[in-house]
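Only one structure is covered here, and it is reproduced in the block below.
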Amino acid sequence: MTPKRFSRVRRFERAVGELSLAHGGLFGSDAWMGNLGAELWRRFVVTLDTAAGMLHLEPRAALAQPFMAPCAGLVAPLRQGRCVVVDVVPGSPAAEAGVRLGDEVLALDGEALAGDAGRLRRALRGTPGSTLRLRLGAASDGEREATLGLRELV
């Protein structure tokens, strides 16, 4: 069977990419070529033809939808069971709310986070114009609340 060739090229406007901060493991390796993430899976039916070394993308209805982008301006990956802030974008909602490097995200909108990095990632990609309440913990000054007014940063 000859693979179907697509001559049409689709250009994505305002595509959002994320870079790994990992220093070890798969995402920290120079040999790793990339990760096909949820935004791609949402837009295409993906078929891998390993024998031919090809990747086939068949458009879905979501193809024209906007890319979901972080709207809070903070990065807090899961480390040793805790979501700890490793980056705060200057001038972002997180910076304006006083989120600092080293803060642990303990709760989202009054509900304990319990190290659920997926839930935190989805919340940080919330709807621009909405708010997100975080309970933060820091060794230096204990727990505190921060309210972020989410907005487009890309």
request  = Please work out whether the stretch 74-149 counts as rounded, prolate or oblate from its C-alpha gyration tensor, where a ≥ b ≥ c are the square roots of the eigenvalues and a/c under 1.5 means rounded, while otherwise a/b larger than b/c means prolate and anything else oblate?
outcome  = rounded
query = So how do 79-90, 53-64 stack up, highest first, on mean other-Cβ count within 10 Å?
reply = 79-90, 53-64
query = If you count, for each residue, the other Cβ atoms within 10 Å and average over each peptide, how do 71-78, 93-100 line up from highest to lowest?
reply = 71-78, 93-100
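Quick note: the coordinates plus some simple rules give every number you see, no bench work behind them. Here the structure is a predicted model, which is why all the values come from computation and not from measurement. Because the Cβ atoms are built from the backbone with ideal geometry, glycine has one as well, and the counts that use them run over all protein chains shown.
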